[in-house]
1. Using alpha carbon centroids, what distance separates the stretch 438-506 and the stretch 219-242, in Å?
2. Would you please give the FRET efficiency between residue 248 and residue 69, computed as 1/(1 + (r/R0)^6) with r the Cβ-Cβ distance and R0 = 35 Å, to the nearest 0.05?
3. What distance in nm separates the simple spin-label points at residue 436 and residue 227, each placed 7 Å from Cα in the Cβ direction?
4. When the distances between all Cα atoms of the stretch 455-524 are binned every 10 Å from zero, what whole-number percent does each bin get?
5. What Kirkwood radius, in Å to one decimal, follows from the Cα pairs of the stretch 119-274?
6. Mind checking the log10 I(q)/I(0) for the stretch 463-618 at q = 0.08, 0.15, 0.16 Å⁻¹? Debye, one equal scatterer per Cα, no solvent, two decimals.
7. Hey, can you find the accessible area per residue of the stretch 13-111 for me, probe 1.4 Å, expressed in square angstrom?
8. Computing the accessible area with a 1.4 Å probe over protein heavy atoms, can you report the carbon and sulfur percentage for the stretch 120-276?
Amino acid sequence: MNKFDLNIDKTVMKLRYLKTLRMVIAVVFFMLTAFIFLDFRAMGTRAIAGEVLYLQFVPSMLNFLNHAAIGAAGFILVLSFTLLFGRIYCSTVCPLGTLQDIISRMTRTRITGQGKKQKRQRFTFTRPQTMLRYGVFSLTALFFIAGSGLLLNFLDPFSNFGRIFTNIVRPLLLAANNLIAHLAEYLGSNILYQVQWQRVAPVSMGILIAVAISLAVLALVGWLSARHGRLYCNSICPVGTLLGLFAKISLLRIQIESSSCIDCRQCQWVCKAGCIDLTTKSIDISRCVACYNCLAVCPSNALQIKNHWQQHNRRELQQRNRRQLQHHNRQELQQHNRQELQQHNRQELQQHNRQEIPKPRRREFILGMTLGCIGVPTGHMGMTSGLMAMTSGFMSMPTGLMGMPTGFMEMTVGKVYAESTGQLLQSRPTTIPEKRTSPVSPPGSVSIGHFTSTCTACHLCVSICPSGILVPSFLTYGISGLTQPHMNFQSGHCNYECTACTEVCPSGAILPISKEKKKLTQIGVAKFIKENCVVYTDNTNCGACSEHCPTKAVHMVPYHNAKGRKLVIPKINESICVGCGGCEHACPTKPYRAIYIDGNPVHRVAEKPVEKILEQKMDGNEDFPF
């Protein structure tokens with residue numbers, strides 16, 4: 001083996017390390033992102049969510065458009081890396097892309113009867129779905145410019161991954177946890193504890209729609225990845241299309257050396273993007289997801305990473321020199337032809353001047369004598385001249401007739417071209433419905449308009465909410481806000497000191513706020529319907545709403561009744577109410593609540609509640625005065 005072969009082997013080994021490096025980075029991002037969505041034990045996901053999700057393209061872009069800051073500029077970093085190395089975001093950072101690779105790898109490998117693994121599927125070059133690809137991207141961009149993020153939310157890869165893991169994988173994980181915990185408890189082990197399902201919000205139309213959409217996307221992505229690799233990324237995903245446009249002008253890209261290629265097709269069989277065309281020895285860099293699988297299998301080092309900008313400049317310089325040389329040669333040729341033509345004309349003129357030109361009278365005399373000798377009258381010369389004129393005119397007719405076919409052919413060509421709880425229950429159901437004027441958006445979302453225009457419906461806040469009150473919506477925010485989370489107080493209330501959702505939102509729809517500020521953020525106001533309250537309908541005390549109110553905005557006052565009982569009924573101080581939903585959740589009336597939260601379209605600042613110190617007289621003679 002010579003020195004040249006050793007250098008080739010070393011280069012091949014270095015290029016193969018790129019695939020390993022890419023896989024390690026992809027697995028790290030995938031595991032951390034999945035952990036954030038699936039952590040039901042609160043094991044520190046809020047501390048790492050911001051750093052892990054910083055590079056997610058669409059959430060980062062929306063966050064930057066609403067709050068232009070370096071902390072929200074992750075998508076700019078992604079674009080910069082794309083201009084340098086191509087679409088490495090799709091093969092490393094994007095969790096949905098890694099999920100497609102996992103599905104593709106699982107479906108390509110099967111176990112034979114002898115217990116051996118066998119790959120049954122190979123990729124091949126596919127033509128780009130140009131119309132579908134740029135059509136979906138243009139339609140998504142038009143919807144976004146018009147003020148609707150519906151298509152962007154449904155097609156964003158990170159949001160789809162979040163909905164799949166929140167609405168499908170997470171419930172399955174919770175069920176498996178409870179089953180294993182029950183079996184472990186039966187065996188005398190307390191290694192796991194069961195998750196209380198009553199903390200999960202009751203089934204609603206919004207939850208059903210979110211689950212249906214998640215299942216549909218998972219089925220589509222799974223089928224495409226199993227059959228065609230990364231076809232979803234190169235035909236439907238708007239992020240992939242946008243990054244593909246930037247990849248067309250990337251600095252470093254994979255190229256095929258035609259002189260070294262042995263047409264073994266190993267690179268084409270492992271290209272999950274289907275972008276390697278060996279017939280033309282070219283790679284569609286806009287569809288290449290920079291997985292580097294081809295570099296790891298090429299036996300002849302024909303695939304190399306080269307500086308495209310330098311080659312492009314060299315190619316332009318060569319083309320410019322070629323054009324200048326052609327122009328110079330053309331000028332020299334024209335000058336040479338001009339000189340030859342002048343010389344030829346000069347020689348012909350000289351030769352013509354040397355020849356003797358016969359006089360016309362002498363010719364006529366000789367012709368007349370000849371005709372006279374043979375007996376032809378000289379008067380017939382007019383007939384002869386007329387005949388010659390007719391002959392000359394006839395000879396000129398084809399020149400005029402040629403115009404007709406020429407016009408006819410032009411018409412024909414033109415024509416061809418044109419065609420081409422044990423709670424207190426009321427004695428009878430309530431009859432007065434709640435009059436909600438606005439939904440309740442999470443604390444930190446500023447307003448309904450800000451929340452709906454920035455939220456991508458990734459459902460990270462849904463999965464991390466400890467009370468389970470953030471649930472997907474149906475038409476609460478309108479059609480454009482389909483599956484975006486809203487606060488449902490049927491299963492719980494917003495904990496007074498909880499800021500979990502404000503710490504993890506990657507798009508800036510829910511901004512970070514401190515606990516002190518959150519305690520004074522009024523996301524809604526409690527409204528009371530006396531005719532639905534059990535104190536009014538059943539003449540009995542309740543007080544559940546006041547007991548659950550953290551600010552005592554709902555307090556009890558005496559209620560005068562016909563039977564003269566000592567009853568108290570709720571009264572609301574709206575100035576200190578924060579809309580946490582504790583009163584609505586505790587209210588036992590059905591189907592309509594006697595007290596409910598009406599959301600504020602724009603969040604307000606509530607007054608600070610007055611703290612009362614309870615004084616209790618203790619008898620020092622008692623053994624246990626407390």
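The values are calculated or read from the model by the stated rules, or taken from the named source; none is laboratory data. The shown structure was predicted, so the numbers you read here are calculated from the model rather than taken from an experiment. Note that each Cβ is placed from the backbone with ideal geometry, even for glycine, and that neighbours are counted across all protein chains shown. Accessible surface areas use protein heavy atoms only, side chains included; no ligands, DNA or RNA. Shrake-Rupley method; radii C 1.70, N 1.55, O 1.52, S 1.80 Å.
1. Using only Cα atoms, the two centres lie 29 Å from each other.
2. Values: r = 30 Å, r/R0 = 0.84.
For residue 248 and residue 69, the calculated efficiency is 0.75.
3. In this crude label model, residue 436 to residue 227 measures out at 4.1 nm.
4. Each 10 Å bin holds this share of Cα pairs: 20, 53, 25, 1.
5. Values: mean 1/r = 0.0513 Å⁻¹.
19.5 Å is the Kirkwood radius here.
6. Here the Debye-derived log intensity ratios amount to -0.27, -0.86, -0.96.
7. Numbers: 4710 Å² over 99 residues.
For the stretch 13-111, the solvent-accessible area averages 48 Å² per residue.
8. On the way: 5440 of 8000 Å².
It is 68 percent, rounded to a whole number.
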